[in-house]
1. What tally of residues in the stretch 75-106 results from selecting those that are within 19 Å of Met41 (Cα to Cα) and at pLDDT below 65?
2. Check whether at least one residue in the stretch 61-72 is touching a residue at least 24 places away in the same chain (Cβ under 8 Å), in contact with a helix residue (DSSP H, G or I) (Cβ under 8 Å, 6 or more places away or on another chain) and open to solvent by 100 Å² or more (accessible area, probe 1.4 Å), and report yes or no.
3. If you take the residues in the stretch 55-72 that are in contact with a Gly (Cβ under 8 Å, 6 or more places away or on another chain) and in a loop (DSSP other than H, G, I, E, B), which one is nearest to Val34 (Cα to Cα)?
4. Considering the stretch 28-43 alone, what residues qualify as being open to solvent by 80 Å² or more (accessible area, probe 1.4 Å) and either in a loop (DSSP other than H, G, I, E, B) or of a type in the set (Ser, Thr, Tyr) (or both)?
Amino acid sequence: MLRNVLGKTFRFLGYTVQYGCIAHCAFEYLGGIVVCSGPSMEPTIHNSDIVFSENLSRHFYCIRKGDIVIVKSPNDPKSNICKRVIGLEGDKVCTSNPSDFLKSHSYV
């Protein structure tokens, strides 16, 4: 009787660990569900919208202009911010007033 209960318990724990590892790998490498904060992407993405993110582009360096990226907020590491890519490494970004742009925008 005790052996049967212990066997079922260890089997349940084994399956739990296996599915936990699979879920971790899926969220780490394939994508996940993210809550974005901040009004900077409105009307495309609103504050506190829930979005599905995919992580494959960052692993294969396929990020292009116009893509939306999700990063940890520099002010609050527990929250995520969404930004649209307007330039890549080596690109020049022209603005009407550079001092205002540097105060209100984040660089990722």
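1. 7
2. no
3. Asn55
4. The answer is Tyr29, Pro39, Glu42, Pro43.
The values are calculated or read from the model by the stated rules, or taken from the named source; none is laboratory data. Just so it is clear, the structure is predicted and the values come from calculations on it, not from any experiment. No Cβ is skipped: glycine too gets one built from the backbone with ideal geometry, and neighbour counts run over all protein chains shown. Just the protein is used for accessible areas: all its heavy atoms, side chains included, with ligands, DNA and RNA removed. Shrake-Rupley method; radii C 1.70, N 1.55, O 1.52, S 1.80 Å.
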